[in-house]
Amino acid sequence: MEPSSSWYVADLVIEITVFGASRNIVHRNLFLILASNSDEAYQRAQEIGFRSEQSYNNPEGQRVEHKFRGVAKLDGIVDGTLGDGSELDFTEHIGVPEEQIRQWISPKENLGTFFRPDASQKFDPDYRSGEVMGQVAEALGDQENN
């Protein structure tokens with residue numbers, strides 16, 4: 001890292017539309033950005049957001065579009081440096097009832113890193129890539145045949 005650069009965390013809003021579906025999907029994605037100042041960090045966040053735009057067909061042949069909607073949050077990382085256990089960001093809530101705190105805490109098996117997809121699961125709307133799902137099915141088929 002250059003001495004004049006700082007780390008920033010950008011929260012980008014991406015809207016996903018599946019044509020023919022009755023509802024949209026919105027992702028809020030966190031990105032780590034290295035920049036010399038806040039203006040450069042904002043510009044990089046915008047670039048990353050626009051690069052995330054894409055369109056493709058889902059397994060049912062419906063058109064799926066990812067559209068960058070904007071930057072929801074941009075902050076310098078809390079600890080100022082990166083390393084194991086560095087605090088990147090925080091959100092402050094005041095006067096939170098116990099029931100709400102319990103709802104925020106997920107069991108281990110519900111955390112994203114432990115998620116295992118279920119092939120029988122139905123998606124509504126389905127924004128999976130038909131091409132990627134075909135490649136996965138092909139790879140799994142090859143594994144079963146070996």
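Looking across Glu109, Glu60, Glu138, one residue alone is farther than 30 Å from Ala41 by Cα, touching a residue at least 40 places away in the same chain (Cβ under 8 Å) and among the charged types (D, E, K, R). It is Glu60. Of all residues in segment 74-120, those satisfying the criterion of being among the small types (Gly, Ala, Ser), more than 17 Å from the chain's Cα centre (by Cα) and not in a strand (DSSP E or B) are Gly80, Gly83, Gly85, Ser86, Gly95, Ser106, Ala119, Ser120. Restricting segment 1-13 to residues that are touching a helix residue (DSSP H, G or I) at 6+ places or on another chain (Cβ under 7 Å) and among the aliphatic types (A, V, I, L, M), the residue that is farthest from Glu87 (Cα to Cα) is Leu12.
The residues on offer are Gln121, Gln103, and the sole one that is out of contact with any strand residue (DSSP E or B) (no Cβ under 9 Å at 6 or more places or on another chain) and either surrounded by 10 or more Cβ atoms within 10 Å (Cβ to Cβ) or at pLDDT 85 or above (or both) is Gln103. Taken residue by residue, segment 82-90 has at least one member that is modelled with pLDDT of 80 or more, hydroxyl-bearing (Ser, Thr, Tyr), over 20 Å from Asn58 (Cα atoms) and out of contact with any Lys or Arg (no Cβ under 7 Å at 6 or more places or on another chain).
Can you tell me which residues in segment 17-48 are surrounded by 13 or more Cβ atoms within 10 Å (Cβ to Cβ), more than 30 Å from Gly80 (Cα to Cα) and among the small types (Gly, Ala, Ser)? Within segment 17-48, just Ala21 meets the criteria. The listed residues are Arg69, Arg51, Arg102, and the only one of them that is among the charged types (D, E, K, R), free of Cβ contacts under 8 Å to residues at least 60 places away in the same chain and over 28 Å from Pro125 (Cα atoms) turns out to be Arg102. For the subset of segment 137-146 comprising residues that are of a type outside the set (Gly, Ala, Ser) and assigned to a helix (DSSP H, G or I), which member is modelled with the highest pLDDT? Filtering first and then ranking leaves Glu138. Any residue at all in segment 129-136 that is part of a loop (DSSP other than H, G, I, E, B), acidic (Asp, Glu), closer than 21 Å to Ser55 by Cα and modelled with pLDDT of 85 or more? For segment 129-136, residues part of a loop (DSSP other than H, G, I, E, B), acidic (Asp, Glu), closer than 21 Å to Ser55 by Cα and modelled with pLDDT of 85 or more: absent. Only one residue in Asp79, Asp75 is closer than 21 Å to Asp11 by Cβ and surrounded by 13 or more Cβ atoms within 10 Å (Cβ to Cβ), so which one is that? Asp75 is the lone residue from the list that is closer than 21 Å to Asp11 by Cβ and surrounded by 13 or more Cβ atoms within 10 Å (Cβ to Cβ). Any residue at all in segment 62-73 that is aromatic (Phe, Trp, Tyr) and in a strand (DSSP E or B)? Yes: segment 62-73 contains one or more residues that are aromatic (Phe, Trp, Tyr) and in a strand (DSSP E or B). What are the pairs with Cβ atoms under 7 angstrom where one residue, in segment 73-99, is without any contact (Cβ under 8 Å) to a residue 60 or more places away in the chain and the other, located anywhere, is surrounded by 10 or more Cβ atoms within 10 Å (Cβ to Cβ) and of a type in the set (Gly, Ala, Ser)? Sequence gap at least six, or different chains. Filtered contacts from segment 73-99: Asp79/Ser86.
The values are calculated or read from the model by the stated rules, or taken from the named source; none is laboratory data. Bear in mind the structure is a predicted one, so any value in this text is a computation, not a measurement. Quick reminder, even Gly has a Cβ in these numbers, built from the backbone with ideal geometry, and neighbours come from all protein chains shown.
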